[in-house]
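**Q** If you scroll down you'll find the structure; I have some questions about it.
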2 protein chains.
Amino acid sequence: MGKYSLGIDFGTLSGRAVLVDVENGREVAASVYNYDSGVIDEVLPSTGERLPHDWALQDPADYLRVLQTTVPAALAEAGVSADDVIGVGIDFTACTMMPIDKAGAPLCFDPKWKNNPHAWVKLWKHHAAQPEANQINEIAGERGESFLARYGGKISSEWFFAKAWQILDESPEVYAAADKLIEAADWIVLQLTGRETRNACTAGYKAMWSKREGFPSNDFYKALDPRLERVIDEKMSRTISPMGAKAGELIPEMARKIGLKPGIGVAVGNVDAHVAVPATTVVEPGKMVIIMGTSNCHMVLGTEPKIVPGMCGVVEDGIIPGFFGFEAGQSCVGDHFAWFVENCVPAEYRDEAKGRGISVHDLLTEKAQRLKPGESGLLALDWWNGNRSVLVDADLTGVMLGCTLNTKPEEMYRALIEATAFGTNKIIKAFTDSGVAVDEIYACGGLPEQNKMLMQIYADVTGREIKIAASPQTVALGSAMFGAVAGGKAAGGYDSIFDAAKKMARVKDEMYKPIAANQAVYAKLFAEYELIHDYFGRGANDVMKRLKGIKAEQAG
Amino acid sequence: MGKYSLGIDFGTLSGRAVLVDVENGREVAASVYNYDSGVIDEVLPSTGERLPHDWALQDPADYLRVLQTTVPAALAEAGVSADDVIGVGIDFTACTMMPIDKAGAPLCFDPKWKNNPHAWVKLWKHHAAQPEANQINEIAGERGESFLARYGGKISSEWFFAKAWQILDESPEVYAAADKLIEAADWIVLQLTGRETRNACTAGYKAMWSKREGFPSNDFYKALDPRLERVIDEKMSRTISPMGAKAGELIPEMARKIGLKPGIGVAVGNVDAHVAVPATTVVEPGKMVIIMGTSNCHMVLGTEPKIVPGMCGVVEDGIIPGFFGFEAGQSCVGDHFAWFVENCVPAEYRDEAKGRGISVHDLLTEKAQRLKPGESGLLALDWWNGNRSVLVDADLTGVMLGCTLNTKPEEMYRALIEATAFGTNKIIKAFTDSGVAVDEIYACGGLPEQNKMLMQIYADVTGREIKIAASPQTVALGSAMFGAVAGGKAAGGYDSIFDAAKKMARVKDEMYKPIAANQAVYAKLFAEYELIHDYFGRGANDVMKRLKGIKAEQAG
């Protein structure tokens, strides 16, 4: 009888458990649970109180329902006995955080606090802590704090201490009542194991921690707000666990609730994007993993702590133990194409697609792939949702250049795809220019499954081979791999994520190789992209910001 | 019984005669004839021979059919006797030119020549003389020819000597057989009066002539090609008639054919755009007339021969006698909006428009007019068909900047409209910076009739009042006014176009006044437009030309 591990992936709208054969990584069953409260961004469920703009909360009860529903369902579907499940790994969106009490319960479960929105989970896309993020950046800059460089020079409003400080600013009583503030990933692990662990991934990428320097000094926090001086010791923890470690063992109470065997290994919590790296077979430097979907997340391992301009973060042990995990991102990729299809595609195209029973995306792709690189004369800047890397500037906006009266929708669609490939190439260039090798690309996520033309364009633009993760459930598979490591070799699992990756992860046979003729044209187009990227993005002409300013005045 | 004059307007696809009451400018009847051969741009009718790319010919027999069909029809429709028609004025597209024999017949009427495409009329949009235009510009530049400055530094491939030289280059036998090369406007007048006249408008705007300097020197033409040394004296004429003059009297043979009284006055031939100036009441400086349709043509009168950067031309007596007529243009205005509706409007919009029984343009306008200036955050460069003024560069292309995931089709539609208004404002600025006053705007053409929002945007962007021509047939009315002047006061007409304009031309009561709050925002947006206009248009970044180069290579 085989051994199995469970990967549990907590997304923005749902959670899923995937049961995986430890021997070969085969996914034997999966179960999804859609959160009852989804994203809470309009009214607080407990009071009906309207939430301000930019708020996004969640109910941690939904996370518990995921555990209690999907784990038994996956086992039942596969006909696998709990005795044969040797470990559990979980991944979560991040920074998704909450205040908890001494017993580890979320404050929002407490009748005393449930009517206070700050007692609830702040989801990754809660953007209301921008004033706090601005102050963190300003004060860190003034003080010459070294940690800033690890984050491309800018701390996001989505991150841990911006959110923590917002709680303190707006609800000091919730802040005071909280025994701890904790990442949802670590809270789930706490529920499973009964022990608080803090994972290096979210600590490093979202909470300004590094293995070598630790957290920013108490002085820095004091400079932000005297009440924050001891925030690490009072509300956080200085004990950070590397990725690939075992957090603890499943406690009997939880084992009973979710139908697993008590005592099996539970992996240190992880982040959805980062857990995909070993799941695409990548456990060594030189191989960039890109999760391609509504946005792109780029990850690559390195052996030294390089500073890469405009990266999202670099964390030692943050992805794979023993390596520096570098992360960069593009804030809008699939979202571009969805926007285009919704807003810019004429009725004739919709009618044709409908008549042929294909999607508008497929019709546009079919037409666009008949074009040669550069044949449209178009060039776009992929900034419909700002630029995350390498400019780290949310106020940049999109550009379509080169339009003529003969310009066709499929040409604009292709130009948008090419623009996202240029954006990725700009990120790769930032890494390689900084001494972080990117020799090959490994892709996973929705887009590689859906659009071969897009993948070929990425190969041609970057001049690199692209391999595709074999599993469409890459993220959950990655968590299951960490689960198999937490289970350990003695139980039928593995000693390390390196061993697990060899056996459990796979890429498809089909790969994308750069076509020399296309590469040559895209090299010219990329040079043009860089010119306007730098002109509009690096201060030569801040027209986009001024237009946003005028827009804000006029909308006000 | 009233007196009438006839305005005959020869367009690209049809000709129309409009019968006008001389007393008050009232249009009493109109008749249209669609050319049998339309635009000949695929095969030569006489041989079936395929024409090269960029060719555009016409059959002058179509012009004669216009005269013979529409004039009697207009008189019949109105029940007006030929005895009461005192004059005829005509206007034509330009430069539309042909080779004729000693008797004034087009060479293409001659069986000996009809199979040679160079014997046919070269329509204004025949663009195959670009190599000759390039050489004219190069050699004129090297020689420091003063005439270049009158044309914004560039002679167009559409113009007279580029076309003449192409005939010589490619068919020296047609060139040799031609007694003259003549503008179609002047050829029609020759048919009506039996006399060759050359009008100052086409001579000045299209054939490098000026009242003060005449034509370029024989030396210049010799430098182009020794065989062209005496082209003016051999194939053209040095006798140029000012606008508003009488060309001659209707000859009996033609009078019979078209049902008019012989001996009535025939005005010097004119150009469609320019004849609209007095028809919108403008016969003095300070008032810019804009014909707004698929493209914009801007005309303004001045008392001195100023050099305005990037204008299309300045011609003394070329629009109104006694004044310098300045012309500038935008090569793509209504064409932008038509392109947008065809290529960029989602099915939902088409369905909504259809359901409500309105056009997609009207629906977009309805939605766009709810927006405040600057509220979309978008800024466009109106170069979908290059830039005619002030950059005089056909290789520039369109830009849409400021897109976000929230950008809506009506916002892009409005941004395109605003971009054309900024382009017009850039032209106005070029005029006023050069000492040519533009205090008010007078508009005519299709767009002012169709789109009030657009007109208000033009008023707000330019900061000027805009009056609209009362007649939707402004061009034909203008020709009829010149016809009334050719008829003369004694016959019931007028002594001058100034007198005719007072009585026959009118603007609507409704006008567009700038709204101060909008003006303030548009001033900011125009400053941004100028920045990117100059960056992409004046050599700082020739990305558009390089993209066109790559496009040409890839399409080849």
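**Q** Tally Lys/Arg at +1 and Asp/Glu at -1 over every other residue whose Cβ is under 13 Å from the Cβ of A:ALA419; what's the total?
**A** Local charge sum for A:ALA419: -4.
**Q** Net charge near B:LEU250: determine it from the other residues with C-beta under 14 Å of the C-beta of B:LEU250, scoring Lys and Arg +1 and Asp and Glu -1.
**A** Computed value for this residue: +2.
**Q** State, to one decimal in nm, how far the label point of A:ASP225 lies from the label point of B:ALA61, with both points 7 Å from Cα in the Cβ direction.
**A** It works out to 8.9 nm between the two label points.
**Q** Looking at the range B:181-278, which GluC sites (Glu not before Pro) are in a loop (DSSP not H, G, I, E or B) and have at most 15 other Cβ atoms within 10 Å?
**A** Those satisfying the criteria are B:GLU213.
**Q** Over the range A:279-398, with a single point scatterer placed on each C-alpha, what log10 of the ratio I(q)/I(0) does the Debye formula yield at q = 0.17 1/Å?
**A** Listed by q, the Debye log ratios stand at -0.95.
**Q** Probe of 1.4 angstrom, ligands and nucleic acids ignored: what's the accessible area per residue over the range A:69-225, in square angstrom?
**A** Accessible surface, normalised per residue, equals 33 Å².
**Q** Could you give, in nm with one decimal, how far B:GLY153 is from each other copy of that position, shortest first, with labels 7 Å out from Cα toward Cβ?
**A** 3.6
**Q** If you plug each phi of the range B:290-296 into the Karplus form 6.51 cos²θ - 1.76 cosθ + 1.60 with θ = phi - 60°, what whole-Hz ³J(HN,Hα) values come out, in order, with x for Gly and Pro?
**A** Result, rounded to whole Hz: 10, 8, 10, x, 4, 10, 10.
**Q** For B:ALA29, which sequence-distant residues (separation of 5 or more, or a different chain) have an amide H within less than 5 Å of its own amide H, given hydrogens modelled in the peptide plane?
**A** Distant-sequence amide H within range of B:ALA29: B:LEU19.
**Q** Dipole of chain B (Lys/Arg Cβ +1, Asp/Glu Cβ -1, origin at the Cα centre): which of B:VAL314, B:GLY269, B:GLY2 lies farthest to the positive side?
**A** Of B:VAL314, B:GLY269, B:GLY2, it is B:GLY2.
**Q** Rounded to the nearest 20 debye, what is the charge dipole size of the protein assembly as shown about its Cα centre when +1 sits on each Lys and Arg Cβ and -1 on each Asp and Glu Cβ?
**A** Here the size comes out at about 100 debye.
**Q** While we're on this one: Over all distinct Cα pairs, what is the inverse of the mean 1/r for the range B:404-556, reported as the Kirkwood hydrodynamic radius in Å?
**A** Answer for the range B:404-556: a Kirkwood hydrodynamic radius of 18.8 Å.
**Q** On to the next question. Mind checking the alpha-carbon convex hull of the range A:408-469 and giving the volume per residue in Å³?
**A** With only Cα atoms used, the range A:408-469 gives 79 Å³ per residue.
**Q** Out of B:MET243, B:ALA133, B:MET208, whose Cα points farthest toward the positive end of the dipole of the range B:96-245 (charges: +1 Lys, Arg; -1 Asp, Glu; placed on Cβ)?
**A** B:MET243
**Q** Once the convex hull of the alpha carbons of the range B:7-158 is built, what does its volume come to per residue, in cubic angstrom?
**A** Residue-normalised Cα hull volume stands at 161 Å³.
**Q** State, in square angstrom and to the nearest 100, the accessible area buried between chains A and B, both chains counted, probe radius 1.4 Å. Mind showing how you got there, number by number?
**A** Numbers: alone 21420 and 21390 Å², together 38110 Å².
Interface between A and B: roughly 4700 Å².
**Q** Taking K and R as +1 and D and E as -1, what net charge do the other residues with C-beta under 12 Å from the C-beta of B:LYS548 add up to?
**A** Combined, the nearby Lys, Arg, Asp and Glu give -3.
**Q** When the accessible area of the range A:434-540 is computed with all protein chains present and a 1.4 Å probe, what percentage of it is carbon and sulfur?
**A** Roughly 53 percent of what the probe reaches on the range A:434-540 is carbon or sulfur.
**Q** How large is the charge dipole for the range B:86-158, taken about the Cα centre, if only the Cβ atoms of Lys, Arg (+1) and Asp, Glu (-1) carry charge, to the nearest 20 debye?
**A** That gives a dipole near 160 debye.
**Q** Still on this structure, I have one more. Over all alpha-carbon pairs in the protein assembly as shown, figure out the percentage whose distance exceeds 47 Å.
**A** Details: 268830 of 617716 pairs.
Everything past 47 Å amounts to 44 percent.
**Q** Could you give me the ³J(HN,Hα) list for the range A:481-496, computed from phi with Karplus coefficients 6.51, -1.76, 1.60 and θ = phi - 60°, whole Hz, x at Gly and Pro?
**A** Values per residue, Gly and Pro as x: 5, 5, x, 5, 6, 5, x, x, 5, 4, 8, x, x, 10, 7, 8 Hz.
**Q** Calculate how many DSSP beta bridges within chain B are antiparallel, expressed in % of all such bridges and rounded to the nearest 5. Please list the in-between numbers first.
**A** Details: 50 of 72 bridges.
Close to 70 percent.
**Q** Among B:PRO448, B:TRP187, B:PHE323, whose Cα projects farthest towards the positive end of the dipole of chain B, with charges put on the beta-carbon of Lys, Arg (+1) and Asp, Glu (-1)?
**A** Looking along the dipole axis, the top candidate is B:PHE323.
**Q** Right, here's the next one. Non-local amide H neighbours of B:SER210 (under 5 Å, H modeled in plane, Pro and chain starts lacking H): which ones?
**A** Placed amide hydrogens put B:PHE215 under 5 Å from B:SER210.
**Q** Give the carbon-plus-sulfur fraction of the accessible surface of the range A:19-128 in %, rounded to a whole number; probe 1.4 Å, heavy atoms of protein chains only.
**A** Solvent-exposed carbon and sulfur of the range A:19-128 make up 48 percent of the total.
**Q** May I ask you to work out the translational diffusion coefficient for chain B at 20 °C, viscosity 1.002 mPa s, via Stokes-Einstein with Rh from the Kirkwood sum over Cα pairs, reported in whole µm²/s?
**A** Stokes-Einstein gives a translational diffusion coefficient of 88 µm²/s.
**Q** What residues in the range B:312-361 lose 10 Å² or more of accessible surface when the other protein chains are added to their chain alone (1.4 Å probe)?
**A** Residues passing the criterion (a loss of at least 10 Å², heavy atoms only) are B:ASP335, B:TRP339, B:GLU342, B:ASN343, B:CYS344, B:VAL345, B:PRO346, B:ALA347, B:GLU348, B:ARG350, B:ASP351.
**Q** A follow-up question, please. How far is it, in nm, from the label point at B:HIS53 to the one at A:GLU510 when both lie 7 Å from their Cα along the line to the Cβ?
**A** Taking the simple label geometry, B:HIS53 and A:GLU510 are separated by 3.5 nm.
**Q** Full extension from B:ASP433 to B:ARG538: what is 0.36 nm times the residue separation minus their Cα-Cα distance, to one decimal in nm?
**A** Contour length minus the Cα-Cα distance gives 36.0 nm.
**Q** Got a sec to turn the phi values of the range A:118-133 into Karplus ³J(HN,Hα) couplings, 6.51 cos²θ - 1.76 cosθ + 1.60 with θ = phi - 60°, whole Hz, x for Gly and Pro?
**A** For the range A:118-133, the Karplus-derived couplings read 6, 7, 8, 6, 8, 6, 3, 8, 6, 10, 7, 9, 4, x, 5, 4 Hz, x marking Gly and Pro.
**Q** Evaluate the charge dipole of the range B:281-350 about its Cα centre and quote only its size in Debye, nearest 20, assuming +1 on the Cβ of each Lys and Arg and -1 on the Cβ of each Asp and Glu.
**A** So the dipole magnitude of the range B:281-350 works out to roughly 120 debye.
**Q** Past the 24 angstrom mark, what percentage of all C-alpha to C-alpha distances in the range A:158-253 do you count?
**A** So the pairs more than 24 Å apart make up 23 percent of the total in the range A:158-253.
**Q** Quick query: amide H of B:VAL121 versus all other amide H atoms, modeled in the peptide plane; which residues come in under 5 Å with a sequence gap of 5 or more or a different chain?
**A** Residues meeting the criterion, in which the H sits 1.01 Å from N, are B:GLN58.
**Q** May I pose another question? What is the spread of the Cα atoms of the range A:176-326 along each of their three principal axes, largest first, in whole Å?
**A** So the extents along the principal axes, rounded to whole Å, are 46, 45, 30.
**Q** Which value, to two decimals, describes the C-alpha radius of gyration of the range B:1-74 once divided by 2.2 N^0.38 Å? Provide the component values of the computation, followed by the final result.
**A** Working: Rg = 16.0 Å, N = 74, 2.2 N^0.38 = 11.3 Å.
Taking N as the residue count of the range B:1-74, the ratio is 1.41.
**Q** Another question, if that's okay. If you put a point 7 Å past Cα along the Cβ direction, how far is that point for B:ILE139 from the same point in each other copy, in nm, smallest first?
**A** Going from nearest to farthest copy, the values are 7.6 nm.
**Q** Here's another thing I want to ask about it. What nm value, rounded to one decimal, do you get for the distance between A:LYS545 and A:LYS125 when each label is placed 7 Å out toward the C-beta?
**A** 2.6 nm
**Q** Also: If Rh is defined by the Kirkwood formula over all Cα pairs and Rg also comes from Cα, what ratio Rg/Rh do you get for the range B:425-509?
**A** 1.07
The values are calculated or read from the model by the stated rules, or taken from the named source; none is laboratory data. In this text the structure is predicted, and so the values were computed from the model without any measurement. Don't worry about glycine lacking a Cβ; one is built from the backbone with ideal geometry, like all the others, and counts go over all protein chains shown. Quick note on the areas: whole protein, heavy atoms, side chains included, nothing else; ligands and nucleic acids left out. Shrake-Rupley method; radii C 1.70, N 1.55, O 1.52, S 1.80 Å.
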